[in-house]
Amino acid sequence: MNKRLLAALSLSLLAAPWLCAATDASRANFGTMPDGRKVEVVTLDDGHGFTARVISLGASLQSLMLPDRQGRLADVVLAYPDLHDYLAKPQYFGATVGRFANRIAKGRFTLDGKAYQLTLNDGPNSLHGGTQGFDKVVWQVVKVVKSPEPSVTLRYVSPDGDQGYPGTLTATATYTLKAGHELDIDYSATTDKPTIVNLSNHTYWNLGGEGSGSVYDDILTIPGDSITPVDDTLIPTGEFRPVAGTDYDFRQGKPIGRDIRDGKEAQLLRGHGYDMNWVISRTKAPAPRLVAKVEDPHSGRVLTLYSAQPGLQFYSGNFLDGTSVGKSGRIYRQGDAFALEPQLFPDTPNHPGFGSGRLAPGQTYRNHLVYRFSVDKGAAGHGG
């Protein structure tokens, strides 16, 4: 090869190190549903150990490998090792939740003057789309991209009347690995007649590594100055309550567990811990902005989450009850993970003051989630 050309090529590789990395996106079989349908797993790899695995059941994030401050890799996503466990004990692990994430009171809402009744799966209410929500269906893998930013796109077509929702809804979920340890999840949906939509992701995170124990030492920051308090069935009352002076004030950052056992806070009693919607803003933003940051003082791993949605549901793994065994062979117990779900406020269709979840033909619903991971190089600390 011409020496000048070889030198130019070498310089270009130094200027764009991703060209040297063996980025990849590969497909494999994850298992077979009882009706014979195959469930696929797609692995996205940046070539440097940052990898994500997405399964087509529930368009779910099944694994994410991240380095700690020592460069050691760990899987920071709670999940099951095989399809059998996903079917035997569904836990929303890593799942895309919808058609309407979170709770709808008594599974009822009115749209354009017509009343609808959804399936009930959370006491008297409908949660995350009902008894057969998007987490429990097999999505179609429609596109796998091998590039410096490997990605997978999955699609699910929910028929008119599915779980009681009106309209045929076509939903897509695209997972993309980007440079700098960034995972993007881009949700979109269209409909053939007016309906309601609220899609989000329900990954359970443990930045110390799944199966490593409690996340209560993790420092959580949520830039929300109010919450939407709930009744004893976890349905919002309609109030906007300031977080100032309460256990729900994470604006300056504090350990998840510092106030979680405070018996004075009725909301913590009702949710068995944190299970609440924070008001990031009263309306959707024009572009993703900071909605949460979590720092693990032991591993140094940091998760920063961006979304344009007005609400953020923070859940502290309160109902992990020791009956699920994860990928590491360890039992998941209360407080072993947290979930951060950017979305519309819970029960929005029944609270005009919360905005609207309405989607009409010709419109496109979007929820773009950006997870940026970094490492705090300082010495390991201890949460207070």
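List of remarks:
- Taking Lys and Arg as +1 and Asp and Glu as -1, the other residues whose beta-carbon sits under 14 Å from that of Phe30 total +2.
- Relative contact order (percent, whole number), the chain, Cα cutoff 8 Å, 6+ residue spacing: 17 percent
- Amide H contacts of Leu199: Ala101, each under 5 Å away and 5 or more positions distant or on a separate chain (H built 1.01 Å from N in the peptide plane; Pro and chain starts excluded).
- Here the Kirkwood formula puts the hydrodynamic radius of the stretch 302-384 at 16.4 Å, using every distinct Cα pair.
- Debye log10 I(q)/I(0) for the stretch 58-176, one point scatterer per Cα, at q = 0.09, 0.13, 0.17, 0.22 Å⁻¹: -0.33, -0.63, -0.94, -1.27
- Backbone N under 20 Å from the Thr233 label point (7 Å along Cα→Cβ), restricted to the stretch 336-374: 345-354
- Residues with amide H under 5 Å from that of Asp347, placed H, sequence gap 5 or more: Arg103
- The packing ranking, built from the mean of other Cβ atoms within 10 Å per residue, places the peptides 182-194, 202-214 in the order 202-214, 182-194, highest first.
- Gain on full stretching of the segment that runs from Ala266 to Ser281 - 0.36 nm per residue minus C-alpha separation: 3.0 nm
- Nonlocal amide H pairs with Gln363, under 5 Å, H built at 1.01 Å: Thr191
- Near Thr51: Cβ cut-off under 11 Å, other residues only, Lys/Arg at +1 and Asp/Glu at -1. The net charge is -3.
- Relative to its Kirkwood radius, the Cα radius of gyration of the stretch 284-337 gives an Rg/Rh of 1.10.
- Point-to-point label distance, Met33-Lys89, nm (Cα→Cβ direction, 7 Å offset): 2.3 nm
- Legend: calculated FRET efficiency, His48 to Val142, from the Cβ-Cβ distance at R0 = 25 Å, rounded to 0.05, equals 0.35.
- Lys178 contributes about 70 Å² of solvent-accessible surface, heavy atoms of the protein only, 1.4 Å probe.
- Computed 3J(HN,Hα) for the stretch 110-118, one whole-Hz value per residue from the Karplus formula 6.51 cos²θ - 1.76 cosθ + 1.60 where θ = phi - 60°, is 10, 10, 6, x, 10, 8, 10, 10, 9, glycine and proline marked x.
- Prolate/oblate/rounded label for the stretch 167-270 (Cα gyration tensor, a/c 1.5): oblate
- Positive minus negative residues near Leu207 (Lys, Arg vs Asp, Glu; Cβ under 9 Å): -3
- Residues Gln252 and Thr170, FRET efficiency given R0 of 45 Å [Cβ-Cβ distance, rounded to 0.05]: 0.60
- Placing dummy labels 7 Å off each Cα toward the beta-carbon, the span from Ala115 to Asp160 is 2.2 nm.
- From the largest down, the chain spans 74, 50, 41 angstrom on the principal axes of its Cα atoms.
- Considering only alpha-carbon pairs that sit under 8 angstrom and 6 or more positions apart, the relative contact order computed for the stretch 154-204 is 30 percent.
- Between Ser374 and Leu290, full extension at 0.36 nm per residue minus the direct alpha carbon distance yields a gain of 28.8 nm.
- Largest-first principal axis extents, alpha carbons of the stretch 158-204, Å: 41, 22, 13
The values are calculated or read from the model by the stated rules, or taken from the named source; none is laboratory data. Please read all numbers here as calculations on a predicted model, not as lab measurements. We place every Cβ from the backbone using ideal geometry, glycine too, and count neighbours over all the protein chains shown. All accessible areas refer to the heavy atoms of the entire protein, side chains included, with ligands and DNA or RNA removed. Shrake-Rupley method; radii C 1.70, N 1.55, O 1.52, S 1.80 Å.
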